[in-house]
Amino acid sequence: MCPLCGESNACAYAEGKPHSECWCGHVSFPEGVFERIPAEKRGKSCICQQCLEKYVRKHE
């Protein structure tokens, strides 16, 4: 689950697939997006593609 919105993060790795199959391996993550994750959830789950896109649109 996405630590920002609580929806599915569509993580292929969490589903037992190789990390190379995950959507996140094909995009760039601006450093500031990780600062939005609450401290207690950092490093425990990935943000979803929709939250990443929303962040990028807002900070372009």
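Quick notes on this structure:
- Screening Gly43 with (1) at positive phi; (2) modelled with pLDDT of 90 or more gives one miss only, at (2).
- Per-region count, segment 27-60, residues under 18 Å from Ser8 (Cβ atoms), outside any loop (DSSP other than H, G, I, E, B) and open to solvent by 60 Å² or more (accessible area, probe 1.4 Å): 5
Residues are listed down the side, and each one gets a yes or a no for (1) touching a residue at least 12 places away in the same chain (Cβ under 8 Å); (2) more than 16 Å from Leu4 (Cα to Cα); (3) of a type outside the set (Gly, Ala, Ser); (4) in contact with a Phe, Trp or Tyr (Cβ under 7 Å, 6 or more places away or on another chain):
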{"residue": "Pro18", "(1), (2), (3), (4)": "no, yes, yes, no"}
{"residue": "Cys24", "(1), (2), (3), (4)": "yes, no, yes, no"}
{"residue": "Val27", "(1), (2), (3), (4)": "yes, yes, yes, no"}
{"residue": "Ile47", "(1), (2), (3), (4)": "yes, no, yes, no"}
{"residue": "Cys51", "(1), (2), (3), (4)": "yes, no, yes, no"}
{"residue": "Tyr55", "(1), (2), (3), (4)": "yes, no, yes, no"}
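- Within segment 11-29, being more than 11 Å from the chain's Cα centre (by Cα), at negative phi and not basic (Lys, Arg) holds for Ala12, Tyr13, Ala14, Glu15, Pro18, His19, Ser20, Glu21, His26.
The values are calculated or read from the model by the stated rules, or taken from the named source; none is laboratory data. Note that this is a predicted model, so its numbers are computed, not measured. Cβ atoms come from the backbone with ideal geometry, glycine included; neighbour counts cover every protein chain shown. Ligands, DNA and RNA are excluded from the accessible area calculation, which covers all protein heavy atoms including side chains. Shrake-Rupley method; radii C 1.70, N 1.55, O 1.52, S 1.80 Å.
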